[in-house]
Amino acid sequence: MKLTFKWRSYKELTLMELESLLRLRQQVFMLEQQSLYEDIDGLDQRSWHLLLIADARLAGYARLRADEQKRCYKFERLVLLPDYRGQGIGQQLVTELLSKAAQLGDYQRFELSAQTPLQSFYGRFGWRTVGDAYDDGGVEHIDMVLNRSQSK
């Protein structure tokens with residue numbers, strides 16, 4: 001299987017890419033996981049979008065956003081279609097995010113809100129939990145942080 005990663009700013013997204021990524025997020029987060037939240041949150045316009053193409057379709061996605069107030073990068077909306085899970089592809093997605101954040105270079109701190117079953121997955125990259133678990137749209141999450149010098 002050939003995987004292709006494509007980075008796009010919001011302005012660079014084609015209408016087809018935008019529709020595909022919104023559909024993927026809806027398909028997995030809202031329909032599969034039954035998480036109800038405001039996905040179109042006004043933050044896509046100031047984010048980088050990582051599109052993972054496999055088998056000629058959008059198989060995965062993630063959003064990378066600079067949070068100027070907190071002086072960090074936020075890793076958001078990480079998602080893979082079910083057929084692509086458990087094959088190491090998620091690790092490649094996170095590696096691409098870490099690489100892009102390092103390339104941008106503005107901040108040394110990275111943050112994400114992980115679904116609690118994925119804590120150990122992110123922990124392999126050096127992420128550490130902060131605070132207690134909480135409900136986010138009906139799915140238990142925990143905040144995690146990583147400093148650039150800690151990334152593996």
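If you take every residue apart from residue 18 with its C-beta less than 10 Å away from the C-beta of residue 18, what net charge results, scoring Lys and Arg +1 and Asp and Glu -1? Walk me through the intermediate numbers first.
Values: positive: 8, 23; negative: 17, 19, 44.
Taking every Cβ under 10 Å from that of residue 18, the sum is -1.
Provide the packing ranking of 94-100, 5-11, i.e. peptides ordered by the mean count of other C-beta atoms within 10 Å per residue, highest first.
Result, highest mean first: 94-100, 5-11.
Report, for the chain, the % of DSSP beta bridges that are antiparallel, rounded to 5.
For the chain, the DSSP antiparallel bridge percentage is about 90.
Please get the size of the charge dipole for the chain, origin at its Cα centre, with Cβ charges of +1 on Lys and Arg and -1 on Asp and Glu, quoted in debye to the nearest 20.
Numbers: 21 positive and 21 negative charges, 148 e Å.
With only Lys, Arg, Asp and Glu charged at Cβ, the dipole is about 720 debye.
Out of 61, 84, 107, any idea which swings most in a Gaussian network model of the chain, alpha carbons joined below 10 Å?
Ranking 61, 84, 107 by mean-square fluctuation puts 84 first.
Taking only C-alpha pairs under 8 Å that are 6+ residues apart, what is the relative contact order of the chain in percent? Show your work: numbers first, answer last.
Details: 234 pairs, mean separation 30.1, N = 152.
It rounds to 20 percent for the chain.
Could you tell me how far the Cα centroid of the range 119-152 sits from the Cα centroid of the range 1-62, in Å?
Each part reduced to its Cα centre gives a spacing of 21 Å.
Please give the length that would be gained between residue 12 and residue 68 if that part of the chain were fully extended, namely 0.36 nm times their separation in residues minus their C-alpha to C-alpha distance (nm, one decimal).
Using 0.36 nm per residue and subtracting the Cα-Cα distance, I get 18.0 nm.
What does the C-alpha gyration tensor say about the overall shape of the range 25-72? Classify as rounded when a/c is under 1.5, otherwise prolate if a/b is larger than b/c, or oblate.
oblate
Please go through the residue pairs 70/100; 6/74; 11/70 and name each one whose alpha carbons sit more than 21 Å apart in this structure.
11/70
In the neighborhood of residue 52, defined by Cβ-to-Cβ distances under 9 Å, what is the net charge if each Lys or Arg adds +1 and each Asp or Glu adds -1?
The answer is 0.
Rounded to the nearest 500, what is the 222 nm mean residue ellipticity of the chain from helices alone, with -39500 (n - 2.57) per DSSP H run of 4+ residues and division by all residues? Show your work: numbers first, answer last.
Details: 3 runs with 32 residues, N = 152.
So the helix-based figure for the chain works out to -6500 deg cm²/dmol.
Along its principal axes, what span do the Cα atoms of the chain show, with the longest given first and each in whole Å?
On the principal axes, the chain reaches 36, 33, 32 Å in Cα extent.
For residue 53, what accessible area in Å² do you get when you roll a 1.4 Å probe over the heavy atoms of the protein chains, rounding to the nearest 10?
Counting only protein heavy atoms, residue 53 exposes about 40 Å² to solvent.
Which of rounded, prolate or oblate describes the range 1-51 when judged by the alpha-carbon gyration tensor and an a/c cut-off of 1.5? Could the numbers behind the result be given before it?
Values: a/c = 2.28, a/b = 1.25, b/c = 1.82.
It comes out oblate by the Cα gyration axes.
The values are calculated or read from the model by the stated rules, or taken from the named source; none is laboratory data. Treat the numbers as computed from the prediction; the structure is a model and nothing was measured. Methodologically, a virtual Cβ is constructed for each residue, glycine included, from the backbone with ideal geometry; neighbour enumeration extends over all protein chains shown. Surface accessibility is based on the protein's heavy atoms, side chains included, excluding ligands, DNA and RNA. Shrake-Rupley method; radii C 1.70, N 1.55, O 1.52, S 1.80 Å.
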